[in-house]
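Take a look at the structure below.
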Amino acid sequence: MVAETGLYDVLGVQPDATDAQIKKAYRKLALQHHPDKQSAAADGAPADSSRFQQIQHAWETLSDPDKRAEYDEYGEQGAAGGRGPGGGMDADAFFNDVFADMFGGGMGGHPHSHGAAGGPRPRQRRKTQTPPSQVDLSVSLEELFCGAHKTLLVERTRTCASCSGSGAKPNREAKPCVKCSGQGQTYAMRQMGPYVQRVPVKCTACQGRGLKVRDQDLCKKCKGSRTSRDKKRVEFELERGMHPGETIVVKGEGDESPDSSAPGDLHIVVRPLPHPTFTLVPPAPNRPTRPADLETTLSLTLSESILGFSRLILVHLDGRGLRTRQPGPGERGWRVLKTGDEVVIPGEGMWRKGERGDLVVKIEVEMPSQEWAMGLAERGGVETLRGLLPPRRPDLAAQAVDEGKETDEVELEEKVDKAEEDDTSWYHGTGRPYDEDDDGDYHRQGPSCEQQ
Ligand SMILES: [Zn+2]
Ligand SMILES: [Zn+2]
């Protein structure tokens, strides 16, 4: 069941015609009624280009699946005014239009336009909700872990309260645009193979709105932009365990376009902040409903890594302490924990609707300090320790050195960052960065294979 059949009638097809049937009918009629062909055939009689334009227009609507669907549902008025989402434009194009609305005077019909007596009737846009606007919300992992009641000061675009979105002073109104006769679009002719195609282009005088406010009639507050910026304190709940990038929708608190019937929603995107102790590990993309894991690092002394321990190891995001006992030598479950090992504390990860992820703990073993080692020597414990520790390695196997090559004695010196050393030495004037007596070539001074 379709709303109208007019465009189908123009092409002489049934409303349930296939795309191929429509295309065939269009080609045949377009050739038949093409203005060039008509004037040639009719012995100088004026060409009837209106029939050709009707055919072109029917084809433009029915060959586009979106426009055709809209025409079927709403008829000609719906298809012509359908510039909102679902009106055959993609979302980006629609957003661009909304921005054009804000800064360029807007497009589409306005309720007051019915009062424009005598003039051509401007194009009507079907009333729709303004598309959502988006803001990022930085949240700490503590807030994400416990959930929080949040407030956010949001700056958004709303319909100008002074002119109710007409863009005109009180008792003045927008008049149908002269350039496009209120249609919001003009047509350009473009050669497409054997045909000349009428291509609709947005009217530059009214930015496609079909209406234009005279300069002397512009609203004082919005200067004809029909919108103003306002700030609103928005309150909402941050649910615990929301994933990074997840969205909180606050109904009707987003931007508002004067061409829509309702303000858009506000989309608040959750962006967790880095945390000094914990890292959030969202679930794999194919398991989006799983709770996130948390990751942390546990620093152990050499003694703890070998001999086990029992202590408070960290304070969780909700302030709770976590204590654990790692068995020692001879006990069940005893093992040496090395740097880079990962252990898991089940159920201590992030929340997600009553469920919890795991806490992954990365082990980092801290080697004893220089001071400790010196103290050991003073206490005469070196030989004892040597006896306890795993033995030293012998020389590399003799055949590791190439035959006929010698073995040199070398020293292990502390490593210095070369880049940093170079930079700071010339900066502080303690070194010569380049030869000043040559032609300006830049020579780094430093160790080199060849003597200079
Ligand atoms: Zn205004
Ligand atoms: Zn115009």
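Assorted remarks:
- A cut-off of 5 Å between modelled amide H atoms, ignoring neighbours fewer than 5 places along the same chain, links L218 with K169.
- Interchain or long-range residues, amide H under 5 Å from Q185's placed H: C203
- Distance histogram for the range 155-274 (every C-alpha pair counted, 5 angstrom bins, percent rounded to whole numbers): 2, 10, 13, 13, 13, 11, 9, 9, 8, 7, 3, 1, 0
- Across the range 365-412, the volume of the C-alpha convex hull divided among the residues equals 153 Å³ per residue.
- The lysine pair count for the range 126-260, using Cα distances under 18 Å and pairs eight or more places apart or on different chains, is 21.
- For the range 188-276, with all protein chains in place and a probe radius of 1.4 Å, 53% of the accessible heavy-atom surface sits on carbon or sulfur.
- HN-Hα J in Hz across the range 7-16 - Karplus 6.51, -1.76, 1.60, θ = phi - 60°, x for Gly and Pro: 5, 5, 4, 4, 8, x, 10, 7, x, 9
- Cβ-defined net charge surrounding V401, 12 Å radius [Lys, Arg +1; Asp, Glu -1]: -4
The values are calculated or read from the model by the stated rules, or taken from the named source; none is laboratory data. As the structure is a prediction and not an experimental result, all values here were calculated from the model. Here the Cβ is made from the backbone with ideal geometry for all residues, glycine too, and neighbour counts use every protein chain on show. Only protein heavy atoms, including side chains, enter the accessible area calculation; ligands, DNA and RNA are left aside. Shrake-Rupley method; radii C 1.70, N 1.55, O 1.52, S 1.80 Å.
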